[in-house]
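In what follows, a structure is listed as structure tokens, so that the remarks can point back to it.
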Amino acid sequence: MQFKGTVHRYGRDIDTDVIIPARYLNTSDPAELARHCLEDLDTEFVSNVQAGDIIVADENFGCGSSREHAPIAIKAAGVDVVIAKSFARIFYRNAINTGLAIMECPEAVDAISNGDVVSVDADAGIITDETTGESFTAQPFPPFLMEIINAGGLVPRWQKKLGK
Amino acid sequence: MTRPMTMAEKILAAHAGLDEVVPGQLIECDLDLVLANDVTAPIAIKTVREITDAVFDADRVILVPDHYVPNKDIKSAEQAKIVRDFVREQGISHYYEVGCMGVEHALLPEQGVVGAGDLIIGADSHTCTYGALGAFSTGAGSTDAGVGMATGKAWFKVPETIKFVIDGELAPGVTGKDVILHIIGMIGVDGALYKAMEFTGSAIATMPMDERLSISNMAIEAGGKAGLIPVDDVTRAYMDGRAERPYTAYYSDEGAEFAQVIAIDAADIVPTVAFPHLPSNTRPVAEARDVRIDQAVIGSCTNGRLDDMRQAAAVLKGRTVHPDVRCIVIPATQQVYQQCIAEGLMDIFINAHCAVSTPTCGPCLGGYMGILAAGERAIATTNRNFVGRMGDPTSEVYLSSPAVAAASAVLGHIGLPEDLEPVASAAE
């Protein structure tokens, strides 16, 4: 999978309460969740984000609650991939299970600035900052997780397995 | 002879049908229980329907509407109805309607649904609470929960374990909540990321179950995958007579490899408060007295159990909440609520001008029942103090034990029970 987009750069410990505040959890409609994505952290994110954009953040992205509404909101807002130094473990699972692309690459995170245009070759794990010309290689996923990612998420994997 | 394993590794190996597992290994396990609440279940139910027509075992899928019930608004009512309709259709036995409902992580241990040796996933991050009973229990998303409900299986990456050895005696007034806040302050909100935490030592061995549950509950606040406490006499006394199923005690082997062993002297732990906006931003309560508060919340899956209510009531007895403070008390289950009445705690709360609510997660996650306005501050016995957690993004949440929250409610600022004026005797 290839992605290219403008970077929204955030710090560490971006929690699921700021990704999608609980006051909106009385719905699971992706479009409605997307309208409030990250609003308590960056009031301009929703108006600025374009389809295909990329979120880049420091350590422990997605910490806090297990709400799958968080990756759903990010994806529905138009973001194709999140690059971070590390992910909170439930967010990591949720992203893989729901087909939101994520990459762990501390070197790239340190080098990329807000507003840079970045391209990503998710299969090869190559992240290129088109603004600066620098390239980085992300941690590869183990084969078991690649199987889920390539199937398009956990549900398609099980549908395939059960012949449904 | 297999390699020495940790308690976490043994439970995972047993549920993967393997003699041994090693950290980093990706395995598929059979689940004992899968749970979800009214926020996460609707997405999980959609997932179930995409895979199959029936859940893997109608007795092992647990659905607890607790976040926005009694229904907060029309949208919440629709979410709760999706869960209720699914329960009826599938014949799910462990469903707790309003009136029987409690905050899930207080309710399920109390009802004997979860037990030692179980492998549990829940679409709620505080599912790690049941580690206090010796279960490997961890939070997951709705898709994991939905697949778990449909198939009885989940994938796991075997975690390394950090072992905490807390020896010595806790000072009076220092509770399990202070222990876990102390630990999170020490290692940070990602200090146990991708890892299991195991809590041992003489201070844990002498701690009652309600406080142990508070410790395991907040393992996730250090990034932990599970917060395990080995089974002992306290565990057995708690589970015997209430466990629905036979349980198995697993212990870390002599020679098991830990990622880290952290020794803590119980005497070094003081009443602790976590400042905004991270649970790791901890300070001694004694250094937080200049923080004025608008609200106190006593309840939640972290501190809504009977011992928590007793500790809060002991402080509030004969006193009244500061006129500038709203104090909201939420016993976490119907049984706790009823016991509060039987023991006279409810009179103490109401005489102290507390608002007492039926069980709900409500204010903890900024759902309802105590939302903060711009710039307002709350002290809460809950588990998270992220930006906007309890209301407006400019509001603030400070996390503490029930006794400290109760004392602060009376003082009007953060403080300790010993800061309060003595209560006048009944004769005066």
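Where a number appears in this text, it was derived from the coordinates with a stated rule and is not lab data. Please read these numbers as outputs of a predicted model, since none were measured by experiment. Note that each Cβ is placed from the backbone with ideal geometry, even for glycine, and that neighbours are counted across all protein chains shown.
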So what is the relative contact order of chain A, in percent, for Cα pairs below 8 Å that sit 6 or more residues apart? 24 percent
Quotient of Cα Rg and 2.2 N^0.38 Å for region B:304-359, N being how many residues it contains: 1.01
FRET efficiency for B:Ile341 and B:Ala77 from the Cβ-Cβ distance with R0 = 30 Å, rounded to 0.05, comes out at 0.60
Which of B:Val234, B:Val48 has the fewest other C-beta atoms within 10 Å, and how do the rest follow up to the most? B:Val234, B:Val48
Beyond 24 Å, what share of the Cα-Cα pairs of chain A remains, rounded to the nearest whole percent? 30 percent
So, relative contact order of chain B in percent, Cα under 8 Å, 6 or more apart, is 17 percent
Calculate the FRET efficiency for B:Cys100 and A:Thr137 from the Cβ-Cβ distance with a Förster distance of 51 Å, rounded to the nearest 0.05. 0.40
Averaged across B:22-31, how many Cβ atoms of other chains sit within 10 Å of each residue's Cβ atom? 1
With Cβ to Cβ distances under 10 Å as the rule, what net charge do the other residues near B:Ala13 carry (K, R +1; D, E -1)? -2
For B:Val22, placing the label point 7 angstrom along Cα-to-beta-carbon and taking region B:220-264, residues whose amide nitrogen sits under 18 Å are B:253, B:255-260
Using θ = phi - 60° and the Karplus relation 6.51 cos²θ - 1.76 cosθ + 1.60, list the HN-Hα couplings for region A:32-42 in order, rounded to whole Hz, with x at every Gly or Pro. 6, 4, 4, 5, 10, 4, 6, 5, 7, 9, 8
Pop out the ³J(HN,Hα) list for region A:129-146 in order, Karplus 6.51 cos²θ - 1.76 cosθ + 1.60 with θ = phi - 60°, rounded to Hz; leave Gly and Pro as x. 7, 5, 6, 9, x, 7, 10, 9, 10, 7, 4, x, 7, x, x, 4, 6, 4
Give the long-range amide H neighbours of B:Asp167: residues separated by 5 or more places, or on another chain, with amide H under 5 Å away, using H modelled in the peptide plane at 1.01 Å from N. B:Ser202, B:Ala203, B:Ile264, B:Ala266
Pairs of alpha-carbon atoms within less than 8 angstrom and 6+ residues apart define the contacts here; what relative contact order does region A:97-161 have, in percent? 34 percent
Compare B:Met218, B:Met346, B:Met186 in a GNM of chain B, Cα atoms joined below 10 Å, and give the one with the largest fluctuation. B:Met186
Ignore the peptide's own chain and count Cβ atoms of other chains within 10 Å of each Cβ in A:57-65; give me the average, rounded. 5
Using modelled amide H (1.01 Å from N, peptide plane; none on Pro or chain starts), what sits under 5 Å from the amide H of A:Ile102, excluding residues fewer than 5 places away? A:Val82
Mind sorting B:Glu418, A:Glu134 by how few other Cβ atoms lie within 10 Å of their own Cβ, fewest first? B:Glu418, A:Glu134
Percent of alpha-carbon pairs separated by more than 19 Å within region B:246-308: 62 percent
Put one equal scatterer on each alpha carbon of region B:334-373, apply the Debye formula with no solvent term, and list log10 I(q)/I(0) at q = 0.35 1/Å to two decimals. -1.07
Calculated from DSSP helices alone, with each H run of at least 4 adding -39500 (n - 2.57) and the total divided by the residues of chain A, [θ]222 nm to the nearest 500 comes to -8000 deg cm²/dmol
Just flag the GluC sites (Glu not before Pro) in region B:237-310 sitting in loop per DSSP whose Cβ has no more than 11 other Cβ atoms within 10 Å. B:Glu254
Footprinting proxy, B:Ser216, B:Ser76: sorted fewest to most Cβ within 10 Å, the residues are B:Ser76, B:Ser216
Here the gain from full extension of B:Asp233 to B:Ala54, 0.36 nm per residue of separation minus their alpha-carbon distance, amounts to 60.5 nm
Whole-Hz Karplus ³J(HN,Hα) for region A:100-106, in order, using 6.51 cos²θ - 1.76 cosθ + 1.60 and θ = phi - 60°, x for Gly and Pro? 8, 6, 10, 9, 9, 7, x
Going by amide H atoms built from the backbone, whose H comes under 5 Å of the H on B:Val356, apart from near neighbours? B:Val329
